[in-house]
Amino acid sequence: MKYKVMIVEDQTMPRQLFELRIQASERFEVAISIDNAAMADIYCLKYPVDLILMDVITRGGESGLEAAARIKRAFPQIKIVIVTSMPECSYLDRARAIGVESFWYKEDPRGNLLEIMERTMNGESLYPEATPELRLGLASSYELTQRELEVLREMTGGDTNQEIADRLHMSVASVKTHILNMLEKTGFRNRTELAVRARVSKKWRCRRHCLLPGL
């Protein structure tokens with residue numbers, strides 16, 4: 001019997017790649033593939049699901065981590081692998097706190113997604129040792145402060161400065177300062193260019209590639 005997998009990924013090419021890999025496997029099959037995390041827990045009521053591949057930021061800025069938290073409360077037996085390209089260490093901490101079993105960076109050249117899925121279903125919990133490094137314009141993601149990365153994360157979801165300030169419990173002036181600092185470091189011309197390039201960039205390198213068993 002094959003494990004049934006839900007894919008939650010808003011970018012077409014990665015979602016299709018996941019589908020092809022799963023369809024070609026002997027242990028897994030696609031139960032449903034969607035682009036928005038907002039309804040993921042609802043679909044779990046309709047479709048039998050053993051494992052979910054969950055992106056962190058999905059269509060409309062919907063949070064995969066928030067969806068994972070809802071699913072873990074309602075369906076604790078369903079295992080989840082978070083998949084992302086965003087180099088923010090808070091994602092790792094939040095995923096662990098939610099109870100997500102495993103975490104995988106899409107562009108890790110040594111990462112084997114099917115192996116991670118298999119080991120996760122066998123009861124292992126796999127997390128990367130460190131966040132990947134992203135070349136964002138003229139800067140490395142390692143040059144951005146944690147607070148700047150948090151602001152950048154919210155920007156990629158299309159939030160306004162006021163919305164970011166409210167969510168991160170800071171002033172609008174502080175948000176603007178962080179954005180200006182990131183523009184200076186990256187060399188991008190404006191806020192929109194920074195957010196778009198951060199959202200679609202695929203140039204990742206992992207500082208360390210080792211997966212840690214357990215939490």
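What percent do you get for the relative contact order of the range 109-200 when only Cα pairs under 8 Å and 6+ apart count?
Once normalised by length, the contact order is 27 percent.
Amide H of Glu101: which non-local residues (sequence gap of 5 or more, or other chain) have their own amide H closer than 5 Å, using H built in the peptide plane?
Long-range HN contacts for Glu101: Ile80.
Can you divide the C-alpha Rg of the range 1-133 by 2.2 N^0.38 Å and report the result to two decimal places?
0.94
Among the GluC sites (Glu not before Pro) within the range 16-90, which fall in a DSSP loop and have no more than 11 other Cβ atoms within 10 Å of their own Cβ?
When the GluC sites (Glu not before Pro) of the range 16-90 are filtered for loop state and at most 11 Cβ neighbours within 10 Å, Glu26 remain.
What are the ³J(HN,Hα) values, in whole Hz, obtained from phi via the Karplus relation 6.51 cos²θ - 1.76 cosθ + 1.60 with θ = phi - 60°, for each residue of the range 11-17 in sequence order, with x given for Gly and Pro?
Each residue of the range 11-17 in turn: 8, 4, 5, x, 5, 5, 5 Hz.
Short version: what are the Cα gyration tensor semi-axes of the range 1-66, square root of 5 times each eigenvalue, largest first, in whole Å?
Three semi-axes, in Å: 19, 14, 8.
Every read-out reported here was derived from the displayed coordinates using simple, explicitly stated rules and does not represent laboratory data. Predicted model only: the values in this text are computed from it and were never measured. Every residue, glycine as well, gets a Cβ built from its backbone with ideal geometry; the counts of neighbours run over all protein chains shown.
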